[in-house]
Amino acid sequence: MAEYLIRNGFVFDPVSGVNGDRKDIAVKDGKIVESVSPSAKVFDAAGKTVMAGAVEIHAHIAGPKVNEGRNYRPEDKLFNAASGVGGMRTTGGFSIPTTFKTGYNYAKMGYTTAIEAAMPPLYARHVHEEIRDTPIIDEGALPVFGNNWFVLEYLKNRELENTAAYISWLLRASKGYGVKVVNPGGTEAWGWGLNCLTVNDPVPYFDITPAQIVRGLIEANEYLGLPHSMHIHANNLGNPGNYTTTLDTFRLAEGFKANNRFGREQTMHHTHVQFHSYGGDTWGNFESKSDEIIDYVNTHPNLTIDTGNVTLDETTTMTADGPFEHHLTELNHLKWANVDVELETAAGIVPYVYSPDIKVCAIQWAIGLELGLLAKDPMRCFITTDHPNAGPFTRYPRIIKWLMSKEAREERLNTFKHAEKVIGATLLHGIDREITFYELAQMTRAGPAKALGLKDVYGGLAPGMEADIAVYDINPESPFTPDQLEEAFSAAALVIKTGLPVVENGVVINNGNKRTLWVDAKVNENPQVMRDVEEKFLKYYSVTLNNYEVQGHHYIPNPYAIQVDATQ
Amino acid sequence: METVTLTIKKAPTLYLEAEIISPDGLAGKTADQIRALPVHMGNEEFTLGEFFDLAGAPGATAEETKVVVTGDLSRVKYLGMKMSGGEMVIESDADMYVGAWMSGGTLTAKGNVDSFAGIGMKGGLLEINGNAGNYTGSAYRGDWRGMQGGKIHVKGNVRSDTGYFMNGGEIVIDGDADVHVGTHAEGGKIVIKGNAKSRLGGQMVEGTIILLGTVDVMMPGFKYVRDEEVDVDGKNMLMSLYVGDLGERHRKRKGEPIYGKLYIRKAAPAAAESREVRLARAREARKARFASPEETASA
């Protein structure tokens, strides 16, 4: 394989503690190395910013829910379809882009790894087919466990080993990466037309509470020693006053210790916290409670979060939180899709327009930024848009601009239709902090990689790590405008993925060599769980086991399996 | 106003997509620049000059430009798309998407046009002298933001789904309308001077439909409320007002729900009487059918 030398850029790499020094980065055989031979191809990065490839910890970018969004929103592709040039493929879509556009757009922004945030195990084959068709970026997918009948039954009976054995089996069957929980118990309750809005609301029939589900899954996650922690979208998303439910959820992780060989320290990752940081009790007195939320996060190192920034765009909300999507369509009267996934989960989809003229939307926008700015440890607070729920991931450069420039966010804040009311209901106006390039690398590279248990692989530029590198055409030592910042992060000057140049001058030039991440967790043989699986497939599932498992080259042509041994 | 005339010189083998042909697309350009503008057929790009002869010249801006398109345009799509001002005349039949998303100016199609004419229209006047296809003045597939403003005047007939998801503006049809008119409408006004078939205002939330001719089948979601005088082309006509669609949500103003309005010409008294007679007969028949054996016996 070829050798490359990225010469003389301003390097920001929290993994090796490099903060803006002028350094050369050497690449050989797909890895970062100390030095290369004189025949290495040289990229001149003088006056430019060099970081590791960014890591997306939470986005809905592949699978049946995303595809149903594409299906029922042809208007999302209106006026933005483009035919392929060179070896590239036809692209289209804004909030729910085609798989090819998804891969290209992440790569263009310097993202080289992404986690699909909610995989319904029954449709894991579909998820993996889309992942396979998303070029360049390495991807893993988190199967959802928080409303799964096996899990609910095992946890109700306090059967930890069986829960862990089932997780191990399902990760292998679905080729999943970790344990995702969406509205624990609430989505199952939705099957009865109900919901769980607090951590203590009982789930109908199963007679278990969200608190028991969450604690049980954390325990099983640590029993297995998985690279990632339990990854949760808590109950009561999107409702005024829901911050108390969020704090209650955070507290469920107390008392657990992270047990893994991957250097992960947290036992809970709480996703898109912006949607969970609301005060007030109506839309009229809706306000930010980001301070209360972030105070808890700041003082509890067992927790990582991602922001879920509202980008003020027209987008397509989609989540396995079925009852929430019904609530949303009742609010905005736009088209609603709802799916029940047998014994496992459900999903809903509703288009949504985050308008700067609507007070609530502007407050949501402010809350997302407050979380990023008030978080004391950028290694535990990551930038996301919960794509496409709070906005498309292609707006990351704009969020970066708002986080790194008080001037840019004040300009936005002061031109809202209800600017005064928004300022009154939020903290953003009083926050002076501007995220630095180093902190940005923590929030988008080193931090999420560590939280995923991939700190030795992705998110850094230390020798031995994957050669995923992004070079941005911005000089951190000379003056620049906020818009230049956004522009630079929108189209990287150079992106190298696993040692292969994939983007040059903001243009995708190569379809890359993507891999699918999954976790192969070995446990002791567990005949009871295997018998339960067979029985439930015979009794309830609409498919047989043979048509369920994700196997073979067709689904995962280029696997990257992470081995975990929990046999004892 | 300057006039530029485009005459099609060879029929496209497939369909030609020529959204560039509009006052906005041509204004301020030289003849050579216009000939070099892109048009698409299948997955290939061509120049406007390969398909059209050019005469005259455009004005500096769309407002100062009149575009005349002549020849057989029955395989040309998107004529006048997104025009914002000025004038455009299509001398013959045209294919789909005439005047789609237009926001201003006057566009006259002298022949028939195919489907999706004036979809997502925001302003201006679209006159169609012949017939129009399906989805005239509607929303793009999947979108909930249909016609927002402006006026579409079809002198002939329209096919189905006129004014689907209409939010504002006006559509006047001199001829007949096929099924589904004003479906999902949340505003705007549709006048049908000829006859309608069925499903007028299905799932309509707000807006107005005025029907001067007859309707084959009424929607069950509409109820008669009263007779009202309605102004049509400056003439007051006594019409029956039906409101609906009662199956949909309706916002309230001062505690009163706002419904979609469907005006239908008040039936002649003779017809009304015969309807009463017909209903009475149906009632009697029903009674007889459901009467208990004892009652039948005692009767």
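The values are calculated or read from the model by the stated rules, or taken from the named source; none is laboratory data. Here the structure is a predicted model, which means the values were calculated and not measured. Positions of Cβ are backbone-derived with ideal geometry, glycine not excepted, and every protein chain shown enters the neighbour counts. Just so you know, the surface numbers come from the protein's heavy atoms only, side chains and all, with ligands and any DNA or RNA stripped out. Shrake-Rupley method; radii C 1.70, N 1.55, O 1.52, S 1.80 Å.
At-a-glance table
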{"quantity": "Residue ID - least open to solvent (accessible area, probe 1.4 Å), chosen from residues in segment B:142-159 that are within 14 Å of another protein chain (Cβ to nearest Cβ) and touching a Gly at 6+ places or on another chain (Cβ under 8 Å)", "calculated": "B:Gly146"}
{"quantity": "Test: residue in segment A:47-70 that is among the hydroxyl-bearing types (Ser, Thr, Tyr) and away from chain B (no Cβ under 14 Å)", "calculated": "yes"}
{"quantity": "Residues (more than 14 Å from chain B (Cβ to nearest Cβ) and on the phi > 0 side of the Ramachandran plot) located in segment A:308-344", "calculated": "A:Gly308, A:Leu312, A:Glu342"}
{"quantity": "Unique match (being among the β-branched types (Val, Ile, Thr) and surrounded by fewer than 24 Cβ atoms within 10 Å (Cβ to Cβ)) among A:Val422, A:Val341", "calculated": "A:Val341"}
{"quantity": "Pairs with Cβ under 7 Å, 6+ apart, first in segment A:407-422 and more than 27 Å from A:Phe480 (Cβ to Cβ), second modelled with pLDDT of 95 or more and exposed (fewer than 12 other Cβ atoms within 10 Å of the Cβ)", "calculated": "A:Lys417/A:Asp357"}
{"quantity": "Of the criteria (1) within 14 Å of another protein chain (Cβ to nearest Cβ); (2) assigned to a loop (DSSP other than H, G, I, E, B), which one A:Thr134 fails", "calculated": "(1)"}
{"quantity": "Residues of segment A:71-99 satisfying the condition of being of a type in the set (Ser, Thr, Tyr) and at the interface with another protein chain (Cβ under 10 Å from one of its Cβ atoms)", "calculated": "A:Tyr72, A:Ser83, A:Thr90"}
{"quantity": "Condition met for A:Glu534 (touching a Pro at 6+ places or on another chain (Cβ under 8 Å) and at pLDDT 95 or above)", "calculated": "no"}
{"quantity": "Residue among A:Glu504, A:Glu477, A:Glu466 that alone is under 24 Å from the mean Cα position of the chain (by Cα), of a type in the set (D, E, K, R) and either more than 10 Å from A:Ala107 (Cα to Cα) or open to solvent by 50 Å² or more (accessible area, probe 1.4 Å) (or both)", "calculated": "A:Glu466"}
{"quantity": "Residues of segment B:120-133 that turn out to be open to solvent by less than 40 Å² (accessible area, probe 1.4 Å) and more than 11 Å from chain A (Cβ to nearest Cβ), as a count", "calculated": "8"}
{"quantity": "Residue count for segment A:348-385, restricted to those that are part of a helix (DSSP H, G or I) and open to solvent by 10 Å² or more (accessible area, probe 1.4 Å)", "calculated": "4"}
{"quantity": "Test set (1) over 14 Å from the mean Cα position of the chain (by Cα); (2) surrounded by 19 or more Cβ atoms within 10 Å (Cβ to Cβ); (3) closer than 26 Å to A:Met230 by Cβ - A:Ile435 fails condition number", "calculated": "(3)"}
{"quantity": "Flag for A:Gly176 being closer than 24 Å to A:Gly552 by Cβ, of a type outside the set (A, V, I, L, M, F, W, C) and either modelled with pLDDT of 95 or more or not assigned by TED's automatic domain parsing to the domain that holds A:Ile232 (or both)", "calculated": "yes"}
{"quantity": "Out of A:Pro143, A:Pro202, sole residue that is open to solvent by less than 10 Å² (accessible area, probe 1.4 Å) and free of Cβ contacts under 8 Å to residues at least 40 places away in the same chain", "calculated": "A:Pro143"}
{"quantity": "Count of residues meeting criterion [within 21 Å of the chain's Cα centre (by Cα), open to solvent by 10 Å² or more (accessible area, probe 1.4 Å) and β-branched (Val, Ile, Thr)] in segment A:265-305", "calculated": "0"}
{"quantity": "Matching strands (runs of 3 or more DSSP E) fully within segment B:57-164 where at least 2 residues are more than 18 Å from the chain's Cα centre (by Cα)", "calculated": "B:65-70, B:87-90"}
{"quantity": "Residue count for segment A:396-418, restricted to those that are under 19 Å from A:His60 (Cα atoms) and either among the hydroxyl-bearing types (Ser, Thr, Tyr) or buried (at least 24 other Cβ atoms within 10 Å of the Cβ) (or both)", "calculated": "2"}
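Here is a yes/no grid of residues against (1) hydroxyl-bearing (Ser, Thr, Tyr); (2) within 16 Å of A:Met379 (Cα to Cα):
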site	(1), (2)
A:Phe256	no, no
A:Phe262	no, yes
A:His270	no, yes
A:Ser277	yes, no
A:Gly280	no, no
A:Trp283	no, no
A:Thr299	yes, yes
A:Thr304	yes, yes
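Residue by residue, here is whether (1) in a loop (DSSP other than H, G, I, E, B); (2) free of Cβ contacts under 8 Å to residues at least 12 places away in the same chain; (3) closer than 26 Å to A:Lys48 by Cα holds:
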site	(1), (2), (3)
A:Lys450	no, no, yes
A:Pro463	yes, no, yes
A:Ala492	yes, no, yes
A:Pro557	yes, no, no
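Conditions (1) of a type in the set (A, V, I, L, M); (2) open to solvent by less than 30 Å² (accessible area, probe 1.4 Å), marked per residue:
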{"site": "A:Asp44", "(1), (2)": "no, no"}
{"site": "A:Thr49", "(1), (2)": "no, yes"}
{"site": "A:Ala54", "(1), (2)": "yes, yes"}
{"site": "A:Ile57", "(1), (2)": "yes, yes"}
{"site": "A:Val66", "(1), (2)": "yes, yes"}
{"site": "A:Asn71", "(1), (2)": "no, no"}
{"site": "A:Lys77", "(1), (2)": "no, no"}
{"site": "A:Gly87", "(1), (2)": "no, no"}
